[in-house]
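Rule-based calculations on the coordinates, nothing more; no lab input. For clarity, every value in this text was computed on a predicted model and none was experimentally measured. We place every Cβ from the backbone using ideal geometry, glycine too, and count neighbours over all the protein chains shown.
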Amino acid sequence: MKPALHTLAARSSLLIAALFLFSAPAFSQTQMELNQQADKKYKKADAELNKVYKELAALLTPERKALLVKAQRAWITFRDTHCQFTDSGYEGGSIQPMIYSLCMQELTEQRTKQLKAEKDEISGH
């Protein structure tokens with residue numbers, strides 16, 4: 001390869017690598033960053049759950065809505081207690097908050113699917 005072409009190829013490769021590094025999503029490196037990332041994902045899942053819950057509640061009769069409220073409160077108690085149990089095996093460790101958030105996210109996403117199915121059945125989708 002001629003020197004000019006070799007230099008051009010090297011610069012092009014460097015430019016492509018730099019563009020990739022700056023455009024690629026950042027990956028967490030520390031446990032604190034992993035904990036924060038897991039908490040952010042849980043909060044996003046919780047926001048989606050609240051949205052679907054409100055949509056479902058709007059479709060229900062007052063009697064069924066009261067049952068939904070009661071069921072949701074019981075489910076929240078279960079979810080929170082279950083995730084406290086799950087993360088208790090990591091008591092005092094830096095990973096404990098991440099384990100808790102991942103558990104909360106997983107159960108919240110499962111509940112969202114359940115409520116979406118109820119909503120779809122009622123609305124005929």
So which lysines pass the test for LYS70, namely a Cα distance under 21 Å, with those fewer than 8 places away in the same chain ruled out? LYS51, LYS54, LYS113, LYS116, LYS119
Evaluated over the range 30-123, the Cα radius of gyration and Dmax, each in Å: 15.2, 49
Where in the range 26-125 are there GluC sites (Glu not before Pro) that are in a DSSP coil and have at most 14 other Cβ atoms within 10 angstrom of their Cβ? GLU91
Contour minus Cα-Cα distance for SER94 and GLU121 (0.36 nm per residue): 5.5 nm
What does a probe at LEU60 reach in the range 73-111, counting residues whose amide N is under 18 Å from the point 7 Å along Cα→Cβ? 73-79, 108-111
Just going by the charge dipole of the range 30-123, with Lys and Arg at +1 and Asp and Glu at -1 on Cβ, which of THR86, ALA45, MET32 is farthest out on the positive end? ALA45
